[in-house]
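One structure is given below, encoded as structure tokens.
The values are calculated or read from the model by the stated rules, or taken from the named source; none is laboratory data. All values derive from a computational prediction rather than experimental measurement. We place every Cβ from the backbone using ideal geometry, glycine too, and count neighbours over all the protein chains shown. These area figures cover heavy atoms from the full protein model, side chains too; ligands, DNA and RNA do not enter into them. Shrake-Rupley method; radii C 1.70, N 1.55, O 1.52, S 1.80 Å.
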Amino acid sequence: MILYTHNKLTIRYLAETDAPLLAVWLSDPLVLTYYEGRDRPHDLEMVKQHFFDDDESCTRCIVQYDGQDIGYIQYYAITDEERTEYGYVNFTGSIFGMDQFIGETTFWNQGIGTELITTMVRYLLFHEGADKIVMDPQAWNVRALRVYEKVGFVRKKYLQGHEWHEGEYRDCWIIEYEM
């Protein structure tokens, strides 16, 4: 089932039949450099545990470009614990987080990531009623930060040792979409 379409980009809900595709992407060292870590390649069983866990608070989707499955995106309302950690404890509106990757590396550096983030932001604002949208990219991932900032995200808070990646806790930025 399709969540939305924009130009050549289609976002559709994740299906159990997508598990082998995620396993391929999440065993590619290039993809793992930026998502999950090269020390955490996913086999089919790990994909099923991680992405098909019946967590209804997270909406998981496949990204298609010109009819081809090329990546993954998920969005969710952030938890009270995350509100506290990210510095939004006094904000009463709805705050959504999102995570994504392009698993087909031949589609990197073509502007598709920028289009994906732009369209998902619009979707969350106008269809899910988001008052704020945040992400927590690792501080060393200059490439992702550049895309997010181009779309309108700004760095809000630096979190030291926030995310386990490749054998160590890595620093992350809390970034927020500025409307």
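Things to note:
- Scanning the range 38-55 turns up no residue that is of a type in the set (A, V, I, L, M) and in contact with a Ser or Thr (Cβ under 8 Å, 6 or more places away or on another chain).
Matching residues to (1) out of contact with any strand residue (DSSP E or B) (no Cβ under 8 Å at 6 or more places or on another chain); (2) under 22 Å from Arg122 (Cα atoms); (3) open to solvent by less than 20 Å² (accessible area, probe 1.4 Å):
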site	(1), (2), (3)
Tyr72	no, yes, yes
Tyr75	no, yes, yes
Glu81	yes, no, no
Asn90	yes, no, no
Ile95	no, yes, yes
Ile102	no, yes, no
